[in-house]
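Comments concern the structure below.
Nothing in this text is a laboratory measurement; each read-out follows from the coordinates by a stated rule. Computed from a predicted model, the values in this text were never measured in an experiment. Neighbour counts are summed over all protein chains in view; Cβ atoms, including those assigned to glycine, are modelled from backbone coordinates with ideal geometry.
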Amino acid sequence: MGYNLQVNIDKSSGFCFGVVYAIEMAEDILDNEGYLYCLGDIVHNDEEVERLTKRGLKIIDHEVLQDLRNEKVLIRAHGEAPSTYQLALENNLTLIDASCPVVLKLQNRIKNSHDDDEQILIFGKHGHAEVIGLQGQTDGKAIVFQDLAELDHVELPSKFTLYSQTTKSTDKFYHIKDELLSRGYEVKANDTICRQVSNRYGELENFVSHYDKIVFVSGKKSSNGKVLYDVCKKHNDQSYFISNVDELKLEWFLENDRVGICGATSTPMWLMEKVKAQLEQY
């Protein structure tokens, strides 16, 4: 006797254009040359990384990059710090630059602020690839924080410029800006959050309200996965976070449940399809 679940995938979930662009670039080169080096995980999704490594993508870190010569290396959507481009010149590496245009524009704005001697604060995740690239535009002088509490023990100048990692929550960003203003600082705030990410909040809110249960599919390393899952949970408390099909649990569901599947900007559609197929077998 089956559960007879009614399962739908959210049409607006799945890869953002920055990720699509990086993966298409990688696939083109893999088709022609059979292998390609990529600096860091091409996307924060283990299943998609595994699919591409089987096709010849070789994920390397900055340490390995130091010793690489005369090769092609893909820079993923998150972007890189200037030091990476410098090293590529020295090592005769051809960079296939798939940095997302939204991230590049932000790097450029931060660099200009830094050149104008502004003190820069970046609301972002410590150690995140995008944030390392952003901080690199300031010779490492920008103050990175992922939480207001971290600034309690920091001597801040009376005026500074506030930026955000592109996948952070818009609400949080404005809350931080208002809070810093109320503490008497002169804050020049630049909302640099990607609209492809922030527009999904409203779409998700609408989507999750139509279902009994929500299965949110995302890599655990995805920053925007965390943000979007919180949106799901807030508007439908029967939301479950999984990274692959094996993490689905039968006891989450009741007979005839309407189940919605959605994901992060780094979640491949084929993975959500796989989850759907599994649920329909229950």
Under the 0.36 nm per residue contour assumption, what length would be gained going from the current alpha-carbon distance of D115 and N70 to full extension? 12.9 nm
Over the Cα atoms, compute the radius of gyration (one decimal) and Dmax (the largest Cα-Cα distance, rounded to a whole number) for the chain, in Å. 20.6, 68
For a quick check: with amide H placed at 1.01 Å from N, whose amide H comes under 5 Å from F241's, ignoring anything fewer than 5 positions away on the same chain? F216
Taking N as the number of residues in region 194-282, what is its alpha-carbon radius of gyration divided by 2.2 N^0.38 Å? 1.01
Rounded to the nearest 20 debye, what is the charge dipole size of region 23-122 about its Cα centre when +1 sits on each Lys and Arg Cβ and -1 on each Asp and Glu Cβ? 140 debye
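Out of the chymotrypsin sites (Phe, Trp or Tyr not before Pro) in region 117-211, which ones are loop residues according to DSSP with at most 12 other C-beta atoms within 10 Å?
Details: sites: F123, F145, F160, Y163, F173, Y174, Y185, Y201, F207, Y211; in loops: Y185, Y211.
Answer by residue number: there is no such site.
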Loop trypsin sites (Lys or Arg not before Pro), region 63-110, which have at most 15 other Cβ atoms in a 10 Å radius of their Cβ (DSSP): R69
Given a cut-off of under 8 Å on Cα pairs at least six residues apart, what relative contact order in percent is computed for the chain? 25 percent
Eligible lysines near K213 by straight Cα distance, threshold 30 Å, same-chain separation 8 or greater: K11, K125, K168, K172, K221, K226, K233, K234, K249, K274, K276
If you average the C-alpha positions of region 153-206 and of region 95-152 separately, how far apart do those two centres end up, in angstrom? 13 Å
Computed FRET efficiency, Cβ-Cβ of D46 and W252, R0 22 Å: what is it to the nearest 0.05? 0.50
Charge dipole (debye, nearest 20) of the chain; +1 at Cβ of Lys and Arg, -1 at Cβ of Asp and Glu: 400 debye
Helix-derived mean residue ellipticity, 222 nm - over the chain, DSSP H n ≥ 4, -39500 (n - 2.57), to 500: -12500 deg cm²/dmol
Can you tally the net charge around E205? Count Lys and Arg as +1, Asp and Glu as -1, for every other residue whose Cβ sits under 15 Å from the Cβ of E205. -1
Taking a cut-off of 16 Å, what percent of all Cα-Cα pairs in region 1-88 are separated by more than that? 59 percent
F145 and Y35 label points (each 7 Å along its Cα→Cβ direction) are spaced in nm at 4.6 nm
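Dividing the convex hull volume of the alpha carbon atoms of region 102-193 by its residue count, what do you get in Å³ per residue?
85 Å³
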³J(HN,Hα) computed for each position of region 56-70 - Karplus, 6.51 cos²θ - 1.76 cosθ + 1.60, integer Hz, glycine/proline x: x, 6, 10, 7, 10, 10, 5, 5, 5, 4, 3, 9, 8, 10, 6
Would you mind working out the magnitude of the charge dipole of region 102-193 relative to its Cα centre, with +1 at each Lys and Arg C-beta and -1 at each Asp and Glu C-beta, to the nearest 20 Debye? 280 debye
Tell me, which longest segment in the chain has none of the GluC sites (Glu not before Pro) that fall in DSSP loops with at most 10 further Cβ atoms within 10 Å? 1-154
